[in-house]
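A.B. asks: Okay, here's the structure, questions in a sec.
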Amino acid sequence: VIDYNEEAGTYDESRGGESRAEAAAEAVERLLADAAGTVLDIACGTGIVTRRLRRPGRTVLGVDRSPGMLALASSRLLSAVVLGDATRLPVRTGSVDAVVLVWLLHLLPDPEPVLAEGARSLRPGGVLVTTVDKDDAYFVPDSDIAKVTAPLRRDYAARVPDSSVRVKAWAADHGLRPVAETSFPGTGQGRSPRSWLRPIAAGRIPWCTHAEPERVAEVCRELAELPDQDAPRPDPLYRLIALGTGRPRTQPHRPGA
Ligand SMILES: C[S@@+](CC[C@H](N)C(=O)[O-])C[C@H]1O[C@@H](n2cnc3c(N)ncnc32)[C@H](O)[C@@H]1O
């Protein structure tokens with residue numbers, strides 16, 4: 001489990017800095033489709049993405065449960081931040097026009113209560129935008145890391161908290177269905193074989209946490225035997241989906257646009 005209070009001072013740079021935030025905010029904006037009114041950014045962290053969502057005619061509110069992260073967000077967003085938990089949002093039912101969740105669901109043992117709270121907060125016709133399948137973003141076709149990890153990822157996909165299949169099913173239980181999707185590039189965030197070993201050992205990779213220890217050990221051995229141990233593989237392409245009560249939008253999917 002990551003302690004975001006400790007992480008706050010180094011978070012932005014260690015997660016791709018301003019270029020990641022810019023790409024993420026542009027992708028979120030494509031799915032918000034110019035939503036006006038109130039946009040609630042749940043788990044806003046340091047506000048590095050949140051601040052880019054401000055527009056004339058739109059109020060952006062950030063909520064996060066880490067005082068350390070929120071202190072930085074507060075300096076960026078002034079008063080528009082609230083300390084709070086994503087499972088008990090400090091907003092009235094049906095009161096916000098859009099909910100944004102960037103890089104939260106993959107951290108949670110059970111994302112369903114967070115999606116339920118997001119859905120509760122939304123007004124009828126509002127939109128909930130969330131990242132999904134975060135860890136899969138690194139496994140581009142033809143990457144040797146993708147091949148070595150493929151069997152475990154396939155067998156334990158159903159345990160990955162932010163699996164798009166699970167997120168869409170939970171959303172449906174709360175009256176939301178997919179209306180659009182997009183993606184954004186993690187420029188410079190490609191990972192090397194060695195960089196996977198630490199999070200696997202720390203129990204931070206869901207398709208390993210639930211697997212038999214012997215299979216995890218075998219994957220670690222294979223990762224350690226790959227060439228160019230410290231050479232990053234191709235940059236990830238992170239997925240975002242929009243869930244709403246409306247009809248699916250007809251615009252084409254624009255990967256990394
Ligand atoms: C990976 S960071 C993402 C921050 C931000 N969305 C971004 O993209 O830069 C995850 C954030 O989720 C927050 N968080 C984790 N669990 C939470 C919860 N149950 N309620 C509110 N915030 C939470 C953490 O404090 C942290 O700031």
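A.B. asks: At a 10 angstrom cut-off on C-beta neighbours, averaged per residue, how do the peptides 203-214, 218-229 rank from highest to lowest?
C.D. replies: Put in order of decreasing packing, that is 203-214, 218-229.
A.B. asks: Another question, if that's okay. How big is the charge dipole of the stretch 50-209 about its Cα centre, in debye rounded to the nearest 20, if each Lys and Arg gets +1 on its Cβ and each Asp and Glu gets -1 on its Cβ?
C.D. replies: 460 debye
A.B. asks: Follow-up. Could you tell me which of rounded, prolate or oblate describes the stretch 59-112, using a ≥ b ≥ c as the square roots of the eigenvalues of the alpha-carbon gyration tensor, with rounded for a/c under 1.5 and, failing that, prolate when a/b is larger than b/c and oblate otherwise?
C.D. replies: Because a/c hits 1.5 or more and a/b fails to exceed b/c, the stretch 59-112 counts as oblate.
A.B. asks: Considering the chain as a Gaussian network with a 10 Å cut-off on Cα pairs, which listed residue, Ser66, Ser19, Ser163, attains the greatest mean-square fluctuation?
C.D. replies: Ser19
A.B. asks: Leu107 versus Lys147, label points 7 Å from Cα toward the beta carbon: distance in nm?
C.D. replies: Taking the two extended label points, one gets 3.5 nm.
A.B. asks: Using the per-residue mean of other Cβ atoms lying within 10 Å as a proxy for protection, in what order, highest first, do the peptides 136-147, 96-107 fall?
C.D. replies: Packing order, densest peptide first, comes out as 96-107, 136-147.
A.B. asks: Across the stretch 215-231, in residue order, what do the Karplus-derived ³J(HN,Hα) couplings come to in whole Hz, using 6.51 cos²θ - 1.76 cosθ + 1.60 with θ = phi - 60° and x for Gly and Pro?
C.D. replies: These are the phi-based 3J(HN,Hα) values: 5, 5, 4, 5, 5, 4, 4, 5, 4, 5, 8, 5, x, 6, 3, 10, 8 Hz.
A.B. asks: Here is a follow-up. In whole angstrom, note down how far apart the Cα centers of the stretch 195-223 and the stretch 61-97 are.
C.D. replies: Centre-to-centre distance over Cα atoms comes out at 34 Å.
A.B. asks: Another question, if that's okay. Place +1 on the Cβ of every Lys and Arg and -1 on the Cβ of every Asp and Glu in the stretch 62-180, take the dipole about the Cα centre, and give the residue among Pro109, Gly126, Gly62 whose Cα lies farthest towards its positive end.
C.D. replies: Gly126
A.B. asks: Of Gly16, Gly37, Gly57, which has the largest mean-square fluctuation in a 10 Å C-alpha GNM of the chain?
C.D. replies: Checking each option, the largest mean-square fluctuation is seen for Gly57.
A.B. asks: At a 1.4 Å probe, what is the % contribution of carbon and sulfur to the accessible area of the chain?
C.D. replies: Using a 1.4 Å probe with all protein chains present, the chain comes out at 53 percent carbon and sulfur.
A.B. asks: 5 Å is the cut-off here: which amide hydrogens, built 1.01 Å from N in the peptide plane, fall below it relative to Asp41, excluding neighbours closer than 5 in sequence?
C.D. replies: It is Leu61, Gly62, Val63, Val100, by chain and number.
A.B. asks: Apply the a/c threshold of 1.5 to the C-alpha gyration tensor of the stretch 3-77 and tell me whether it is rounded, prolate or oblate.
C.D. replies: oblate
A.B. asks: Cα centroids of the stretch 166-185 and the stretch 3-35: how far apart, whole angstrom?
C.D. replies: 20 Å
A.B. asks: Name the most mobile residue of Asp34, Asp235, Asp12, meaning the one with the largest mean-square fluctuation, in a Gaussian network model of the chain with Cα contacts below 10 Å.
C.D. replies: Comparing Asp34, Asp235, Asp12 in the GNM, the peak value goes to Asp34.
A.B. asks: Okay, next question. Any idea what the relative contact order of the chain is, in percent, if you count C-alpha pairs under 8 Å spaced at least 6 apart?
C.D. replies: 21 percent
A.B. asks: Can you work out the accessible area per residue across the chain, with the rest of the protein chains kept in place, probe 1.4 Å, in square angstrom?
C.D. replies: Per residue, the chain has an accessible area of 47 Å².
A.B. asks: What is the gain in length, in nm to one decimal, between Val1 and Thr209 on full extension, counting 0.36 nm per residue of separation less the C-alpha to C-alpha distance?
C.D. replies: Extending this stretch completely gives an extra 73.6 nm.
A.B. asks: A further question follows. Please list, in order along the stretch 204-209, the HN-Hα scalar couplings obtained from phi with the Karplus expression 6.51 cos²θ - 1.76 cosθ + 1.60 (θ = phi - 60°), rounded to whole Hz, x for Gly and Pro.
C.D. replies: 9, 10, x, 6, 9, 4
A.B. asks: Can you classify the chain as rounded, prolate or oblate using the Cα gyration tensor, where a ≥ b ≥ c are the square roots of its eigenvalues, rounded means a/c under 1.5, and otherwise it's prolate if a/b beats b/c and oblate if not?
C.D. replies: Prolate.
A.B. asks: What FRET efficiency do you get for Arg54 and Gln229 if R0 is 45 Å and r is their Cβ-Cβ distance, rounded to the nearest 0.05?
C.D. replies: 0.60
A.B. asks: Output the 0 to 90 degree angle, nearest 10, between the alpha-carbon long axis of helix 164-173 and the longest principal axis computed from the alpha carbons of the chain.
C.D. replies: 30 degrees
A.B. asks: Where does the chain land at 222 nm, in deg cm²/dmol rounded to the nearest 500, when only DSSP H runs of n ≥ 4 count, each adding -39500 (n - 2.57), divided by all residues?
C.D. replies: Computed ellipticity for the chain at 222 nm equals -11000 deg cm²/dmol.
The values are calculated or read from the model by the stated rules, or taken from the named source; none is laboratory data. As the structure is a computational prediction, the values presented were derived from the model and not from experiment. Neighbour counts run over all protein chains shown; Cβ positions are idealised from the backbone, glycine included. Areas reflect the complete protein model, heavy atoms only, side chains present, ligands, DNA and RNA absent. Shrake-Rupley method; radii C 1.70, N 1.55, O 1.52, S 1.80 Å.
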